[in-house]
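J.: One structure coming up, written as structure tokens, with questions to follow.
The values are calculated or read from the model by the stated rules, or taken from the named source; none is laboratory data. Note that the structure is a prediction, hence the values are computed from the model and not measured. Glycine also receives a Cβ, built like all others from the backbone with ideal geometry; neighbour counts cover every protein chain displayed. All accessible areas refer to the heavy atoms of the entire protein, side chains included, with ligands and DNA or RNA removed. Shrake-Rupley method; radii C 1.70, N 1.55, O 1.52, S 1.80 Å.
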Amino acid sequence: MDAIKQVIKNVPEYTFFKTVDELNESSRELTEKHPDIASFYQVGNSMAGDPIYCLKIGKGSKAILLYGFPHPNEPIGSMMLDYLSWQLAENEAFRNRFEDVSWYIVKAADNDGAKLNEGWFKGPYTPLNYALNFYRPAGYQQVEWTFPIKYKTLDNNDPIPETKALMKIIEEVKPVFIYSLHNAGFGGVYNYISEDAPILYPIFEKAYTDLDIPAALGEPEMPYAVKFADAVYKMPTTVDTYEFYAANSDKDPAEIIGKSGTCSYDYGRLFNEKVFELVCEVPYYYNPKIEDLSLTEFVRRDLVLANLENMKSNYQKIKDIYFPLKEKIVIESPLKTALDHFIESADKHLPVQENWAKTAKELDARATVAEAFDNGPVSKTYKMLMWGMLRRILLLNFEKTGECEFKEAAEKVYDQMKEMSDALEGELDYVVIPIKKLVQIQLMSGLYATLYAIDKNS
């Protein structure tokens, strides 16, 4: 069997996600066993001052940059990178399939944020437990979206320390391929790539169909995403976001975008115009409706607008509990910074999306089952996440102050989350996808994309 196929097949049956400390320890052990092949070194510090590490394997002239936890609630890629790094170090036949390559592997780009998610890394893997232990940074504190950008009225150049660590690698090694390891929560598999690459589409499809995992064929994550093929989209940049806001709002797009920057691909092509980038989004939970293209009785526009209205209602309910207590909060945690940002962003972004939904011609058609499922149950799972961060904020302040108001509000939030969860359990009818399968999908997609990028840069 081909070395690549063998490596994909041999992914172990993981039962939990590794913590940041466990990932770093694995890298240290690898370099101690294989000092002639691998090195493990610090590339920067997090906002909290913790070291950010890079594992380098190989000594070739073509650099491959792979990084996990671009968003700290997305650990699947870190498991793939951990497995891949050991295979590269110990499997010479596999390593030799990639000629003249140096691998730069950052298993935890946002280690501070990852640690704030570790409460659910060992399970149980239910939407409720995920939401109760969830953390995602404010947009202007996300590794993936704080690379510098200057475009029309937008001029943001304030990368966070974690992003600076990746920038340093990009500037020094000028990678031919960048793999940013994201993952979704509920839905199906889909890919973002930096250019139209039809040779890869059957491979992407085979990666998930061979494992009986659905493609995401419902609503695209971003309404302005350019579709190359089923579940394959052109990688959106902040320029695309800017132009979408310009077309659907009277406000300056820079005002709506705020302090966020752009993505790693935008930065990477400043140093190598031929760089290729992949984002392979894989979900934790499965339901076959996410790829059902049969038509429903509903008009897609009505479902999209109803979903947006539900989002507004959800944020208002959060405000009703949160805002009366805001002045009494004494712990300025990353959780609070994030929640404040998402509430403020929703006030800016949702009206733009409503304007688009009211006029977009593509929404005139009847909705598919997949689109209806995306706008209904799937969207509801994401609405729980903001409630989870609010509860953690309230509990932190109760522990600090002993004020019963915080405890009572936290209990009210939990009741709301439990009610949402109970309703969703019936609607979703989901199964938890084995970590092994998710790692295999990201591994297969990434390895063949690596070969494509190497050939493109030869």
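J.: Any residue in the stretch 291-315 that is open to solvent by less than 40 Å² (accessible area, probe 1.4 Å) sitting within a Cβ distance under 8 Å of a residue that is at pLDDT below 95 and part of a loop (DSSP other than H, G, I, E, B)? List the pairs, counting only those 6 or more apart or interchain.
T.: Close Cβ pairs satisfying both conditions: 304/219.
J.: What are the residues in the stretch 25-46 that are surrounded by 15 or more Cβ atoms within 10 Å (Cβ to Cβ), closer than 16 Å to residue 84 by Cβ and not hydroxyl-bearing (Ser, Thr, Tyr), if any?
T.: 30, 34, 37, 38, 40 - these are the residues of the stretch 25-46 that are surrounded by 15 or more Cβ atoms within 10 Å (Cβ to Cβ), closer than 16 Å to residue 84 by Cβ and not hydroxyl-bearing (Ser, Thr, Tyr).
J.: Quick one: what pairs do we get from the stretch 174-199, first residue in contact (Cβ under 8 Å) with a residue 24 or more places away in the chain and within 15 Å of residue 443 (Cα to Cα), second among the polar types (S, T, N, Q) and assigned to a loop (DSSP other than H, G, I, E, B), C-beta under 8 Å, 6+ apart or different chains?
T.: Within 8 Å, no pair qualifies.
J.: Would you kindly identify the helices (runs of 4 or more DSSP H) lying entirely within the stretch 58-118 that contain at least 2 residues that are in contact with a Phe, Trp or Tyr (Cβ under 8 Å, 6 or more places away or on another chain) and hydroxyl-bearing (Ser, Thr, Tyr)?
T.: Correct list: 76-90.
J.: Yes or no: residue 203 assigned to a loop (DSSP other than H, G, I, E, B) and among the aliphatic types (A, V, I, L, M)?
T.: Criteria not met by residue 203.
J.: Mind checking whether some residue in the stretch 236-257 is surrounded by 21 or more Cβ atoms within 10 Å (Cβ to Cβ), touching a residue at least 24 places away in the same chain (Cβ under 8 Å) and in a loop (DSSP other than H, G, I, E, B)?
T.: There is no residue in the stretch 236-257 that is surrounded by 21 or more Cβ atoms within 10 Å (Cβ to Cβ), touching a residue at least 24 places away in the same chain (Cβ under 8 Å) and in a loop (DSSP other than H, G, I, E, B).
J.: Among all residue pairs at least 6 apart or on different chains, which show Cβ distances below 6 Å where the first residue, located in the stretch 125-143, is closer than 30 Å to residue 267 by Cα and the second is of a type in the set (Ser, Thr, Tyr)?
T.: 138/337; 139/260; 140/260; 143/163
J.: Also, I was wondering about something else. Could you give every pair whose Cβ atoms fall below 8 Å, whose first residue belongs to the stretch 26-54 and is among the acidic types (Asp, Glu), and whose second residue is crowded, with 17+ Cβ neighbours inside 10 Å and not in a loop (DSSP other than H, G, I, E, B), counting only separations of at least 6 or pairs across chains?
T.: 50/111; 50/112
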